[in-house]
Amino acid sequence: MNLRAIELRIALAAFALAAVAFVAFPEIDLAASGLFFRNGEWLLSPYSAWLALPYYGMPRVGQAIVLTLLVLTPLSFLPRLTRLRPHRGTLAFLLCAALIGPIGLVDAVLKEHSGRARPINVQLFGGDKVFTPAFIPADQCRKNCAFVSGHVASASFFMAFGWLAAPRTRRRWLIGGAACAGFMTVVRMLPGGHFLSDALFAWFIVYFTLWAVEWAFRKLGWLPASSPSAEPSASGTT
């Protein structure tokens, strides 16, 4: 079994354990948010100048990435643009992953239909909404709801840029994407914008979306059957 397959199995197990934990023990989310809530106030206001750049900047970066991919991907199929031609599979992969993951599953589906109230709006933290655990359908929010975090999903997408690269480069991008997601998690939890589970499962959604899109592209022949990202097995054989 190669190292990427092992990585995927570990991620699946971690996702399953985390999902069970947050549903069975929803107080984990409340306790984590409570760390940022003191004396009846959040540590930082949603309008704090400290949060303005990452809060408003992350969506703009995400939009810029998608727009760039929307332009470059079709151009890569033009015969005259020989420099882009070798990268068209990667460009199409990144575009599809962005449209399906952060834009489709996160923004269009989960955030619009989960119905989960944000920490700042729940009763325990001074709001008037009922807290509901992750994955449990709720009616406490009509649109742009808490589950999952769009900001964290956008930050997590940075790992996509090294997804098809050589193993060492891919690991660096995975770590970098996780670091960006972790930073954005703190940014969104500080003013009561999201629960911990909102952030954690945003990362998982992007991660598994990348796996699914890569699998589909390889099945369709849009990416080579093997790539620099293929790793030797743990036993040292290929």
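No lab work stands behind these numbers, since they all come straight from the coordinates. Model, not experiment: these values are computed from the prediction. Counting neighbours? That spans all protein chains shown, and the Cβs are built from the backbone with ideal geometry, glycine included.
Values computed for the structure shown
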| quantity | calculated |
| --- | --- |
| Those Cys residues of the chain for which no other cysteine Cβ falls under 4.7 Å | CYS96, CYS180 |
| J(HN,Hα) series, segment 179-193, from Karplus relation 6.51 cos²θ - 1.76 cosθ + 1.60, nearest Hz, glycine and proline x | 5, 4, 5, x, 4, 5, 4, 5, 4, 7, 7, 3, x, x, x |
| Using alpha-carbon coordinates, inclination of helix 3-24 to the longest axis of the chain, degrees | 20 degrees |
| Theoretical FRET efficiency, 1/(1+(r/R0)^6), r = Cβ-Cβ of GLU41 and GLU7, R0 35 Å, to 0.05 | 0.30 |
| Average Cα contact separation per residue, the chain, under 8 Å, 6 or more apart, as relative contact order % | 26 percent |
| Options ALA202, PRO74, PRO86, ranked by Cα towards positive dipole end of the chain, top entry (Cβ charges) | PRO86 |
| In segment 78-143, the chymotrypsin sites (Phe, Trp or Tyr not before Pro) that fall in loop regions by DSSP, at most 16 other Cβ within 10 Å | PHE135 |
| Net charge dipole size for the chain [Lys, Arg +1 and Asp, Glu -1 on Cβ; Debye, nearest 20] | 940 debye |
| The chain, helix-only ellipticity at 222 nm - DSSP H runs n ≥ 4, -39,500 (n - 2.57), divided by all residues, nearest 500 | -17500 deg cm²/dmol |
| Proximal charge balance of LEU78 [Cβ under 10 Å; K/R count +1, D/E count -1] | +3 |
| Base-10 log of normalised Debye intensity for the chain (one unit scatterer per alpha-carbon) at q = 0.07 Å⁻¹ | -0.26 |
| Estimated distance in nm for a label pair at LEU81 and ALA52, the labels positioned 7 Å out from Cα along Cα-to-Cβ | 3.6 nm |
| Qualifying lysines (Cα of each under 26 Å from Cα of LYS111; at least 8 residues distant if same chain) | LYS129, LYS143 |
| Net dipole in debye of segment 46-172 [+1 Lys, Arg Cβ; -1 Asp, Glu Cβ; about Cα centre; nearest 20] | 660 debye |
